[in-house]
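Every number here is computed from the coordinates shown, using simple stated rules; none is lab data. Since the model is a prediction, treat every value here as computed from it, not as a measurement. Cβ: placed from backbone, ideal geometry, glycine included. Neighbour counts: every protein chain shown.
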Amino acid sequence: MKQRDLLAACALIGVAGGVYLSPLVSLGMLINAAQQGDISRMEQLVNFTELRSSINKQVKIKAENQLTESLGGRNLFSEMIASVGMLAINPVVDSKVNETVSAAGLIGALKDIQEQSENQNKVEQVVGLGKQLSGLRLSYKNPNQALLELPNPNETAAGATKISLLMERKQLLQWKLVDVQLNL
């Protein structure tokens with residue numbers, strides 16, 4: 001009787017752990033699909049429309065803030081000139097975001113990362129991977145939204161920032177990437 005209860009408890013813990021960690025599995029499936037160039041699988045795992053919209057907003061906000069600061073900071077004149085300047089910048093941002101935030105763009109970015117890591121020796125690759133995984137954090141906003149925080153591989157002089165991936169549950173164990181916060 002005790003052995004059966006122990007086995008049942010272990011099975012329950014295993015299932016609960018699998019359900020809890022399933023966003024990480026979906027992220028791994030996305031990376032694997034990108035490595036294999038499987039565009040249809042990537043489109044099942046990523047909502048590219050929502051992702052483009054989010055990244056487009058983030059880039060435009062950052063560009064407008066930088067333009068405003070370069071014109072002398074927050075005042076009526078610099079904000080007005082920055083708004084006019086954004087009229088010229090917005091179509092370029094739209095075009096570049098649409099080009100890069102796609103299955104093909106993600107495949108290309110992953111290939112670039114792989115080429116960079118091939119230039120490192122094996123010890124540097126293992127240390128880099130260890131740093132990435134040690135900074136990984138999984139939390140849940142609600143039962144159907146998981147937030148994965150990853151260390152930004154492009155650390156700035158101001159310090160490392162995190163990249164946040166928002167995933168939404170589609171089935172019990174299947175998740176879809178719907179948002180990325182770049183912390184620009």
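Per-structure values
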| read-out | value |
| --- | --- |
| Gaussian network model of the chain, springs between alpha carbon atoms under 10 Å - residue of Leu165, Leu136, Leu148 with greatest fluctuation | Leu136 |
| The chain: calculated mean residue ellipticity at 222 nm from DSSP helix runs of at least 4, using -39500 (n - 2.57) | -22000 deg cm²/dmol |
| Extension gain from Ala8 to Leu172, taking 0.36 nm per residue of separation minus the Cα-Cα distance | 57.0 nm |
| Selected from Gln116, Gln174, Gln44 as most flexible by GNM, with the chain as the system and alpha-carbon contacts under 10 Å | Gln116 |
| Alpha carbon centroid spacing (whole Å) that separates region 1-23 from region 64-121 | 46 |
| Förster-model FRET efficiency, 45 Å R0, Glu69 and Gln35, C-beta, rounded to 0.05 | 0.70 |
| Most fluctuating residue given options Asn90, Asn56, Asn75, as computed from a GNM of the chain linking Cα atoms under 10 Å | Asn75 |
| Estimated D of the chain in µm² per second, where Rh is the Kirkwood radius over Cα pairs and Stokes-Einstein applies at 20 °C, 1.002 mPa s | 112 |
